[in-house]
Amino acid sequence: MDWKNFENDSLYSQALTYWYDEWNSISEEVKKGMIGINIVNIRVVLLDIINEYELNQFESDNNRKVYIKLINTLIAKRYISIFREELLILKEKLEKKEKRSVYVISKELSSLISKQSFAHVLFDELFPILEKKLFEKQNRLKIKELTKEIIVDLVTSGMNIEDVKKLALNIFESYFIHESKIFIKYEGVPQELNTDEEKVKYIDGLSILDRLNFFREKLLPNETEYIFIYPIWGMVTFPKGVENNSIFGCQLYNPNLEKMLSEGYYDETFDLSNTEEQSKETEPKNNDKYRSKCNVKILVAATSSNSAKKLAELKYFNLLSLLNLYFAHKHHEFFWDGQYIGKKVGESYGSFGTLWGSRDDKQLRRNLSRDSPKFLSDKKFEDINRVSNIIDELEKREFFYEANTILGVIDIMSQAQWQNEENKLLNYWIAIESLANISKKDEESKFHFVKEIISNIYFLWEKYKPIHDLFRLTEIYSRSFYNKDGTVNMPDEFLHNVGIYKSRTEDSIISLENFYNRMVDLKKYTTKESFLDEIEDTIKFYQDNKEALKRLRAKRNEVKLTVDYIYKCRNQIVHNGYVDKNLIPYLVNFSEAYANSLLNRILDVYSDGQFNLQNYFIKEIYDGNLLERKLSDTTPYNLELFE
């Protein structure tokens, strides 16, 4: 972001640019599914409780306990303080297992809260910090916290994360001129301004305050109707002699016989003849087979085209699943190749969609893999050879159950990455439970083992995480792209010595010992406050046992709660088929990470020549308890990162 045009504005400050950067950074974390349990706010909890009662009458006592934990955490949030008494009553009813009362109160509260814009309340708390240009460390932490809360509230209110990310970017947009033609990028231009000259004059006169006021308005988006067209390959239909031929909100029609859109920029037959025949380098013999003979038209209301597309696809996939259940067989499938057309209702122009034929992910993935094969380096071969040797050793020892379990988990997890989010979560949980079966004590439940062992793995790993995170951030800021403002200037000698350059090579293995010993030097190489905060926090973590213990305990508690919530979602899918589809993408990455962590820990144990997993995990719990005691002791304890 180039701030030169705003530097003379009275509201321009480091606090403003910091907030802008944090908005982009946190939005990206949410988009990548890195925010985890933090995506669960009071809106999500209340809807979950309602569905829990309606679908299975609170049969799971563990789920009830999860809701109590979450309400305990959320009730302290300042922005929902107006509902504090109601939430305390709800918590009390949950504790007393008064199911019907919990359901009624949750519905009442959910209805009230659905009318609230917490994002507005949070931004009104944030604005005075920006207005007063407060930029001490506690102010920066507050900016980060409020920004995350705003983003989470918008996402859980139904706004697509792509649109959320663009909110901050769009308010500081302007216009550009190319070959004497003016292109307007700012979205807040009043509709009554018709000429480019009027629009440019308006944009030039905007202050930062004007732009922030527009941002605040956008926090309460209005819904618009959209039409989407999708092909159903493998089916042909003809006009139905009935007024309503809609199934799951999908109207079926034959695009060769009728059209749904007046604008002809996109082809409603989704003709593939060009791309198909070009790939074969032959003339098409029958173009008709490359055209869709059955489309669906779907009408949805949403806050943006991204959100609308997501809603439309849910309806479309429901129809595809129904068709395949009833009419598909071994050699026939009804499928989607990724093509679509979208259009805002009431606009003459402005259609959007796919232009270049089939976008089938599987086919695209295989074409890219064929065109750009990965090199089987010595490191890659060593990694897979290690697993092969472990399986061989287990079979020699007649540990067939353990060997088959590991092979089964590898198969499940390798296939899961291509599946939809719900199936991913289910299969990663199956992998976790399978590994628990070969690792837990006989009398121990699988869920107890998973929750305690995985949280302990992350508790122990957390002592390494700050230095790893700082190294990653240093690598990012060492690139010229991130150093345009001159706030970071790291010498080549430092970057070479600590392994930054080496880390950019594929399959590199870097010792962070030099980086750890020289991380204090980083403070000399930057004036970027967000970077300095990370450096100082990392140094403090390794110098202050209380700070380290606080962070390790927080990580353990976070993992336990996340495991609880993943397990709750798993039970919902398995037992009643319902799960909040907006929530799953933010949890599935963690279920994958937990499965990988447990699998790799077991492989490491076997690789070290230890074949009693039960004894190993008993000792690892002991290691966690011992580390906690040493950090709690008054005698300073040095976290041993490098042996």
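At a glance:
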item: Pair list, Cβ under 7 Å, 6 or more apart: region 467-483 residue of a type in the set (S, T, N, Q), other residue open to solvent by 30 Å² or more (accessible area, probe 1.4 Å); result: 483/477
item: Any hit, region 597-607, residues being under 26 Å from residue 69 (Cα atoms) and either touching a Ser or Thr at 6+ places or on another chain (Cβ under 9 Å) or at pLDDT 90 or above (or both); result: yes
item: Residue among 53, 67, 20 that alone is surrounded by 15 or more Cβ atoms within 10 Å (Cβ to Cβ), farther than 20 Å from residue 88 by Cβ and out of contact with any Lys or Arg (no Cβ under 6 Å at 6 or more places or on another chain); result: 20
item: Candidates 130, 122, 134, 109 - the one that is touching a Pro at 6+ places or on another chain (Cβ under 9 Å) and surrounded by 14 or more Cβ atoms within 10 Å (Cβ to Cβ); result: 134
item: Qualifying residue in region 439-447 (condition: under 23 Å from residue 579 (Cβ atoms), more than 24 Å from the chain's Cα centre (by Cα) and either part of a helix (DSSP H, G or I) or in contact (Cβ under 8 Å) with a residue 24 or more places away in the chain (or both)); result: yes
item: Residue list for region 362-413, restricted to those being assigned to a helix (DSSP H, G or I), small (Gly, Ala, Ser) and at pLDDT below 95; result: 369
item: Filtered residues of region 414-435 (kept if in contact (Cβ under 8 Å) with a residue 60 or more places away in the chain, more than 19 Å from residue 361 (Cβ to Cβ) and of a type outside the set (Gly, Ala, Ser)); result: 426, 428, 429, 432, 435
item: Region 511-539, residues that are closer than 15 Å to residue 477 by Cβ, assigned to a loop (DSSP other than H, G, I, E, B) and open to solvent by less than 40 Å² (accessible area, probe 1.4 Å); result: 528
item: In region 386-401, the residues that are in contact (Cβ under 8 Å) with a residue 40 or more places away in the chain and either aromatic (Phe, Trp, Tyr) or within 30 Å of residue 570 (Cα to Cα) (or both); result: 387, 399
item: Residue among 314, 325, 320 that alone is open to solvent by less than 50 Å² (accessible area, probe 1.4 Å) and either farther than 20 Å from residue 266 by Cβ or in contact with an Asp or Glu (Cβ under 9 Å, 6 or more places away or on another chain) (or both); result: 320
item: Positions within region 442-496 being polar (S, T, N, Q) and touching a helix residue (DSSP H, G or I) at 6+ places or on another chain (Cβ under 8 Å), in sequence order; result: 455, 456, 474, 478, 483, 487, 489
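The values are calculated or read from the model by the stated rules, or taken from the named source; none is laboratory data. Only a predicted model underlies this, so the values are computations on that prediction, with no experimental measurement involved. Reconstructed Cβ throughout: ideal geometry from the backbone, glycine too, with neighbour counts over all protein chains shown. Areas reflect the complete protein model, heavy atoms only, side chains present, ligands, DNA and RNA absent. Shrake-Rupley method; radii C 1.70, N 1.55, O 1.52, S 1.80 Å.
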